[in-house]
Each structure stands twice: as C-alpha cells, then as structure tokens.
Amino acid sequence: MKIGILGTGDVGQALGSGLLSLGHEVKMGSREAGNEKARTWVAKMGGKASQGTFAEAAAFADLAVLATLWSGTENVLGLADARNLAGKVVIDATNPLVFTPNAPPSLALGHNDSGGEQVQRWLPQSRVVKCFNIVGHAHMVHPDFPGGPPDMFLCGNDTEAKKTVTEICRALGWPVIDIGGIEGARLLEPICILWVLYGVQHGTWNHAFKLLRK
C-alpha cells in the first residue's frame, strides 16, 4: 500500500517508520519539498521512503495519516487539497489541544464536538478514522509493556475504513477496540489529556491504556 504522512514530527516519523517496516511505500509530506526533517528521515529510512509536499503526499497515498499539531491542521489539509484525499482512508492521529503556560492542556473542541468530526467535515469525501491519539509516539509501533499490549481505540463512520485501519494496528502490535462513529472522538481526545496528566504527575511517558474484561 502507498501511505502518505501529513506531518514531519515525532508522530509522523514513528508511524511512517512502522509502516515502512510492514513493507508499505511511505511518502512524508511537508509544506515545501525538500523539508529538512523529511529529508533526514528519508535518508535514514531509505528504500520505500520518499518525501514531497503535502499535496504530493496526499495524491500519492492510498491511505493517509494526519499527524499535525492541531493549530496547523486546517491549513495542512488545505495545502494537501481535499480532492487528493477524496475516497481515501485518512487516519486522524491529531488531538485538538490548547496549551497554556503553567496549566494542563485543554480541548480546543469538546465535549459536543471533536477534532475527528472537524477533520471529517474538512474532508467530506474522505473516510476518516480517529486512531493513534491516545499514546505517545515512542509506543505507537509494537508497544511492549509488562502487562501485555495495551489497546488501541478507534472510531469512524465507514466500516470498511475501520477494518483497514484495524489491520494496520494489529500489524503494528495493537489489539483494537472500535467504539463506533466519528463522534466517538469526543471521548478519545480527552483520553490524550489523561495520558499527558499522568505523565506530568509521575515524570514518565511510558504508559498506555488497556480495557480489562471479565
């Protein structure tokens, strides 16, 4: 599969590297072709890794991963051009967080809306699946925890799109829990804040979530 990564930060690089390890072709998109972070990543990964603009990555992709800071997400999708993503699965790994000095992060959207729903509105012809937003980038690929693998929660309106993303998650070492339509992002995005608050309180970022069943 051809994967387009929209974003050159830690999340985009982690998921891009993981997807390359599964044998996919991955193009990392940025505002300008030749972006230094993207160029360095491609040189490191080699093989099936490439780089380009957001629009080039979106057009290249069979499936795209949105891995941007929330403050730049709308602009990035504008540069990518929704037409390049029409009909395609888009994994939304973003979190609509607002950062204030000396205060915990808060939601830019919630609890009657969500970033996932907003991304779906910005990409009305795409099949958006909220996923990979509840854990840090260091554990997005083959998470290794003493209590066994944590769970990845996802949501979206398209059943087949969620099946595709579920297969990707499982290949990356994640059991998957589907919580329904894209409005489920109203629940998943606050989990990111819980993840951050635990990290701040305990001085560690090596944690994730698991649903226990009986």
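The values are calculated or read from the model by the stated rules, or taken from the named source; none is laboratory data. Keep in mind that this is a model prediction, so the values were computed, not measured. Cβ sites come from the backbone with ideal geometry, for glycine too, and all protein chains shown count toward neighbours. In case anyone asks, the SASA skips ligands and DNA or RNA and just uses the protein heavy atoms, side chains included. Shrake-Rupley method; radii C 1.70, N 1.55, O 1.52, S 1.80 Å.
Set the Förster radius R0 to 41 Å, insert the Cβ-Cβ distance between I177 and T100 as r into 1/(1 + (r/R0)^6), and round the FRET efficiency to 0.05.
With R0 = 41 Å, the Cβ-Cβ based efficiency is 0.85.
In whole Hz and in residue order, list the ³J(HN,Hα) couplings for segment 191-200 that follow from phi through the Karplus curve 6.51 cos²θ - 1.76 cosθ + 1.60, θ = phi - 60°; x for Gly and Pro.
Coupling constants for segment 191-200: 4, 4, 5, 4, 4, 5, 4, 4, x, 5 Hz.
How much area per residue is accessible in segment 61-214 when the probe is 1.4 Å and only protein heavy atoms are counted (Å²)?
49 Å²
Say the dipole of the chain comes from +1 at the beta carbon of Lys and Arg and -1 at that of Asp and Glu; which of A59, V42, N102 then lies farthest toward its positive end?
Value computed over the given set: V42.
What is the spread of the Cα atoms of the chain along each of their three principal axes, largest first, in whole Å?
44, 39, 36
So how far, in whole Å, is the C-alpha centre of segment 107-122 from the one of segment 3-60?
Centre-to-centre (Cα) distance: 26 Å.
Which one of N75, I177, I191 has its Cα pushed farthest toward the positive end of the charge dipole of segment 70-206, where Lys and Arg give +1 and Asp and Glu give -1 at the Cβ?
Of N75, I177, I191, it is N75.
How much mean residue ellipticity at 222 nm does the chain get from its helices, if each DSSP H run of length 4 or more adds -39500 (n - 2.57) and you divide by all residues, to the nearest 500 deg cm²/dmol?
Roughly -11500 deg cm²/dmol at 222 nm, from the helical runs in the chain.
What is the helix-to-structure angle for 36-45, meaning the angle in degrees between its Cα long axis and the longest Cα principal axis of the chain, kept from 0 to 90 and rounded to the nearest 10?
90 degrees
Please report, as a whole percent, how much of the solvent-accessible surface of segment 101-214 comes from carbon and sulfur atoms (probe radius 1.4 Å).
55 percent
Can you compute 3J(HN,Hα) from phi for each residue in segment 101-118, using the Karplus curve 6.51 cos²θ - 1.76 cosθ + 1.60 with θ = phi - 60°, rounded to whole Hz and x for Gly and Pro?
Computed from phi, the couplings for segment 101-118 are x, 6, 8, x, x, 10, 7, 6, 9, x, 9, 9, 7, 7, x, x, 5, 5 Hz.
Give me, ordered by chain and number, the residues 5 or more places off I177 or on other chains with an amide H under 5 Å from its own placed amide H.
Under 5 Å from the amide H of I177: M152, F153, L154.
What pairs in K27/K162; K88/K163; K2/K162; K130/K163; K44/K88 have C-alpha atoms more than 24 Å from each other?
Beyond 24 Å: K44/K88.
Under a GNM of the chain (C-alpha, springs under 10 Å), which listed residue has the highest mean-square fluctuation: A57, A171, A93?
A171
Per the Kirkwood formula on distinct C-alpha pairs, the Rh of segment 110-214 is how many angstrom?
Evaluated over segment 110-214, this radius sits at 14.4 Å.
Among F145, F60, F153, which one moves the most in a GNM of the chain with springs linking Cα atoms closer than 10 Å?
In this elastic network of the chain, the residue with the biggest mean-square fluctuation among F145, F60, F153 is F145.
If you build a Gaussian network model of the chain, linking Cα atoms that sit under 10 Å apart, which residue out of P150, P104, P124 swings the most?
P104
Tilt of helix 10-21 relative to the longest C-alpha principal axis of the chain, in degrees (0 to 90, nearest 10)?
Computed tilt is about 70 degrees.
Taking the Cα centre of segment 55-200 as origin, sum charge times position over the Cβ atoms of Lys and Arg (+1) and Asp and Glu (-1), and report the length of that vector in debye to the nearest 20.
40 debye
List every residue whose amide H lies under 5 Å from the amide H of F209, counting only residues 5 or more places away in sequence or on a different chain, with H placed 1.01 Å from N in the peptide plane.
Close amide H contacts, sequence-distant or interchain: D151.
Average projected area of the Cα convex hull of segment 6-129, in nm²?
So the Cα hull casts an average projection of 8.0 nm².
In terms of modelled amide H atoms, which long-range or inter-chain residues lie less than 5 Å from the amide H of A108?
Counting only residues 5 or more places away or on other chains, the set is L97, V98.
Ordered by residue, what ³J(HN,Hα) values in Hz, to whole numbers, does segment 54-65 give under the Karplus form 6.51 cos²θ - 1.76 cosθ + 1.60, where θ = phi - 60° and Gly and Pro are x?
4, 5, 5, 5, 5, 5, 5, 6, 7, 9, 10, 10
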